[in-house]
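The values are calculated or read from the model by the stated rules, or taken from the named source; none is laboratory data. In this text the structure is predicted, and so the values were computed from the model without any measurement. Glycine also receives a Cβ, built like all others from the backbone with ideal geometry; neighbour counts cover every protein chain displayed.
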Amino acid sequence: MTAPDDRRPRSEGDRRHPRGMILEVAGLTMRFGGLTAVSAVSFAALRGEITAVIGPNGAGKTTLFNCITGFYRPSSGAIRLHRTGELPVDLHGLPGHRIAQAGVARTFQNIRLFPGMTALENLLVAQHNKLMAATGFGIGAVLGLSRYPKAERQAIELARHWLSATHLLDRADDPAGALPYGAQRRLEIARAMCTEPTLLCLDEPAAGLNPRESEELARLLQEIRAQGTSLLLIEHDMGVVMKISDRVVVLDHGKLIADATPAEVRADPKVIAAYLGEGEEDEVEA
Amino acid sequence: MTPAAAVRDAAIAALVAFGLFAMLVGLRTDVSPTGGLFLRQRWADVALLCGIVFAGRLALTLWLGRRALRPSTGPTPLTLQLQRLGRFFAPAMLAAALVLPFIPGIGRYELDIGILVLTYVMLGWGLNIVVGLAGLLDLGYVAFYAIGAYSYALLAQYFGLSFWICLPLAGILAAFWGVILGFPVLRLRGDYLAIVTLAFGEIIRVVLINWASLTGGPNGISGIPRPTFFGLPFSMSGGEGSFAGFFGLEPSPSHRVIFLYYLIFFLALLTNWVTIRLRRQPLGRAWEALREDEIACRSLGINIRDTKLSAFAIGAMFGGFAGAFFATRQAFISPESFTFIESAIILAIVVLGGLGSQVGVAVAALVMIGGFEVFRNLEEWRMLVFGAAMVVIMVLRPRGLIGTRTPTIALKEKRIIGKDLVGEGRG
């Protein structure tokens, strides 16, 4: 059993990556009544890497995700965001919108866009806090006395950048709800990126995409990584996971059973047992 | 449905109608002049009724069938046409409202209706911020109207402050109470929020009735100062210090009415202008995003509580302005004027007009309040006509007169967003 306040640095990871970790999950436990969905999970996501969280259905991946992004408050344990040149932020004590402001953006397993607003408007809503500060919190903007027009131009430029990165530029003025499914997935990623996050959390981004779209998605995620944002993703599509992930964390029945490179995980007997149901997977030690 | 199938369907409906009406209408026992009973047969009436059912059913299926063929998303051709018309419609309406007092044949009565309609346009626009943009169902909007009215009445009575000082104060006080109400209740959603706001509206009214030492209780407050033209009273004496005397006009009671008309016209336009500006600002976009998906807003770092509170406060502020205007216009206010039915009417205006649509709300206010006055000579039938009209609008246009949404910004061209995609908000 790992103590809840365990925060051993992942020394081998730090050695590999001098820039260090971006997200640290230490002894995280989440209970719903009698059900322990996530039990004493500790791992770290490294800066500038794509970390994938995989596991069979019901392994606690989405619960873990909701804890990290503030939609659940963990029963015990700690989640820390390490930003360059700043003190680490304890995400487990922050309300949801503050976590997003701290630099953690997320997408949803079942897409949550603003369907009645255009793609462009969706991306501008994502830049709300930045624009709001430029308007003098609403008052200045109504009177037309502010730096708002310039801030809005910059916001549109950022939106245009992500629209073209997700191949949605020609759909910018269409309502988000009228876009095809794959485009909605991409738009959700673009919207999350418009908050200019340091860590992007994606909940099954490839779900429901065809092979060609998955391919495009993998390329997009690699592009995002190249631009300096670290990624954490839950994914079922092993093709995508094995291809783009730098590190894979495997959960089963709420416990961490592996945390290694894709190649190592693929060869790990515990992981194979968890996925294929061989042996007594309930007895597998974390 | 093919025409043949529709005819068959209508024939079946007519047959059912015949089965019902044959006994109910076709046969009737009457008393004959000799005192005995005899059976009167009225087959012509039955045929007429069956004919109406047949024709009605046929028309309904053909019409509904035609409607079902349309794609569900995207604006309908009719809506697009209306939208094109709307571009001229709103300025035309504005111009008509601007010159209304000087149109020959417009007397005191018509102007009074105009003032009433504009008051409700303003209230509708104010509530539209809360219900239409932010998607928060508020059934107690009249509370802020009451707070505005009593703020002006009491400040004028106890401190002798003029209308022009009290007007912003009334708005600020109403916004303050909007925040006070908002803090505890905004974590509630949908129906629960509606019930608590309804209760808040009633609490304010009950407090006004029972706090007799301050508010005069059920007797209300009378003798509220009338507005002045920036210090010049509208007195009938025509003296040097009065409006008529200063401008060298014949003293006339219509001056004050015209002034009140322009005052509420200006206040309503102010509400509209602020709403339109805010909609293009991050705050307004955040309100609409909140209406569409609250959880997504949270994941984008939007402070939901503050955003909802700002919608509540700004909506309440315009309710407060309207209340202060109401008090100065009536010169008498009592809790009777701020019952739940007022909240219901304002909400009905917003819903009938189309959530979030400024032009729709104005038209709905004109139809509802103006129409209500026009049908005054129908007496007790008026409510029936009114109710039927509402049912018809809701059947034909379930998302209100204008349910579509115009984007606030575009890279190339702004295209109208179909009503199917626009969220209604769940609190």
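Contact map, the range B:193-210: residues that are assigned by TED's automatic domain parsing to the domain that holds B:L154 and in contact (Cβ under 8 Å) with a residue 24 or more places away in the chain paired with residues that are of a type in the set (D, E, K, R) and crowded, with 19+ Cβ neighbours inside 10 Å, Cβ distance under 7 Å, separation 6+ or inter-chain. Pairs shown: B:T197/B:D138. For A:L221, the conditions (1) more than 12 Å from chain B (Cβ to nearest Cβ); (2) in a loop (DSSP other than H, G, I, E, B); (3) within 14 Å of the chain's Cα centre (by Cα) are fulfilled apart from (2). Is there a residue being in the same structural domain as B:R189 (by TED's automatic domain parsing), of a type in the set (V, I, T) and in a loop (DSSP other than H, G, I, E, B) anywhere in the range B:357-374? Checking the range B:357-374: not a single residue is in the same structural domain as B:R189 (by TED's automatic domain parsing), of a type in the set (V, I, T) and in a loop (DSSP other than H, G, I, E, B). Look at (1) within 14 Å of B:A17 (Cα to Cα); (2) surrounded by 14 or more Cβ atoms within 10 Å (Cβ to Cβ) and you find that B:A55 fails only one, number (2). Only residues that are at pLDDT below 80 and surrounded by 17 or more Cβ atoms within 10 Å (Cβ to Cβ) were counted across the range B:236-277, and they come to 3. Scanning the range B:276-303 for residues that are more than 7 Å from chain A (Cβ to nearest Cβ) and among the aliphatic types (A, V, I, L, M) gives B:I276, B:L290.
Looking across the range B:385-408, just one residue is surrounded by fewer than 18 Cβ atoms within 10 Å (Cβ to Cβ) and within 30 Å of A:A155 (Cα to Cα), and that is B:T406. For A:E188, the conditions (1) more than 9 Å from every other protein chain (Cβ to nearest Cβ); (2) crowded, with 19+ Cβ neighbours inside 10 Å; (3) under 20 Å from the mean Cα position of the chain (by Cα); (4) among the charged types (D, E, K, R) all hold with the exception of (1).
Please determine whether any residue of the range B:380-395 is more than 22 Å from B:R280 (Cα to Cα) and within 14 Å of chain A (Cβ to nearest Cβ). Within the range B:380-395, not a single residue is more than 22 Å from B:R280 (Cα to Cα) and within 14 Å of chain A (Cβ to nearest Cβ).
Looking across the range B:396-427, the residues that are at the interface with chain A (Cβ under 7 Å from one of its Cβ atoms) and outside any loop (DSSP other than H, G, I, E, B) come down to B:R405, B:I417.
Within the range B:327-344, not a single residue is among the β-branched types (V, I, T), within 12 Å of chain A (Cβ to nearest Cβ) and farther than 23 Å from B:G114 by Cβ.
Residue-by-condition table, conditions (1) among the aromatic types (F, W, Y); (2) more than 14 Å from chain B (Cβ to nearest Cβ); (3) surrounded by 20 or more Cβ atoms within 10 Å (Cβ to Cβ); (4) within 30 Å of B:L411 (Cβ to Cβ):
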{"position": "A:I50", "(1), (2), (3), (4)": "no, yes, yes, no"}
{"position": "A:G70", "(1), (2), (3), (4)": "no, no, yes, no"}
{"position": "A:R73", "(1), (2), (3), (4)": "no, no, no, no"}
{"position": "A:G77", "(1), (2), (3), (4)": "no, yes, yes, no"}
{"position": "A:P88", "(1), (2), (3), (4)": "no, yes, no, no"}
{"position": "A:Q109", "(1), (2), (3), (4)": "no, no, no, yes"}
{"position": "A:F114", "(1), (2), (3), (4)": "yes, no, yes, yes"}
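Please go through the range B:215-235 and give me each residue that is surrounded by 15 or more Cβ atoms within 10 Å (Cβ to Cβ), assigned to a loop (DSSP other than H, G, I, E, B) and either hydrophobic (A, V, I, L, M, F, W, C) or at positive phi (or both), ordered by number. Of everything in the range B:215-235, those that are surrounded by 15 or more Cβ atoms within 10 Å (Cβ to Cβ), assigned to a loop (DSSP other than H, G, I, E, B) and either hydrophobic (A, V, I, L, M, F, W, C) or at positive phi (or both) turn out to be B:G216, B:G220, B:I224, B:F234.
Across the range A:59-82, the number of residues qualifying as assigned to a loop (DSSP other than H, G, I, E, B) and in contact (Cβ under 8 Å) with a residue 40 or more places away in the chain comes to 7. Screening A:R171 with (1) in contact (Cβ under 8 Å) with a residue 60 or more places away in the chain; (2) basic (K, R); (3) surrounded by fewer than 23 Cβ atoms within 10 Å (Cβ to Cβ) gives one miss only, at (1).
Determine, yes or no, whether B:S343 is of a type in the set (S, T, Y), closer than 30 Å to B:S151 by Cβ and in contact with a strand residue (DSSP E or B) (Cβ under 9 Å, 6 or more places away or on another chain). So B:S343 fails the test. In the range B:57-91, the qualifying residues are those that are modelled with pLDDT of 85 or more and either of a type in the set (A, V, I, L, M) or outside any helix (DSSP H, G or I) (or both), and the one that is farthest from B:L269 (Cα to Cα) is B:L58. Looking across B:A324, B:A313, one residue alone is buried (at least 24 other Cβ atoms within 10 Å of the Cβ), among the aliphatic types (A, V, I, L, M) and in the same structural domain as B:V359 (by TED's automatic domain parsing). It is B:A324. The lone criterion from (1) more than 21 Å from B:N272 (Cα to Cα); (2) in contact (Cβ under 8 Å) with a residue 40 or more places away in the chain; (3) not hydrophobic (A, V, I, L, M, F, W, C) left unmet by B:Y158 is number (2).
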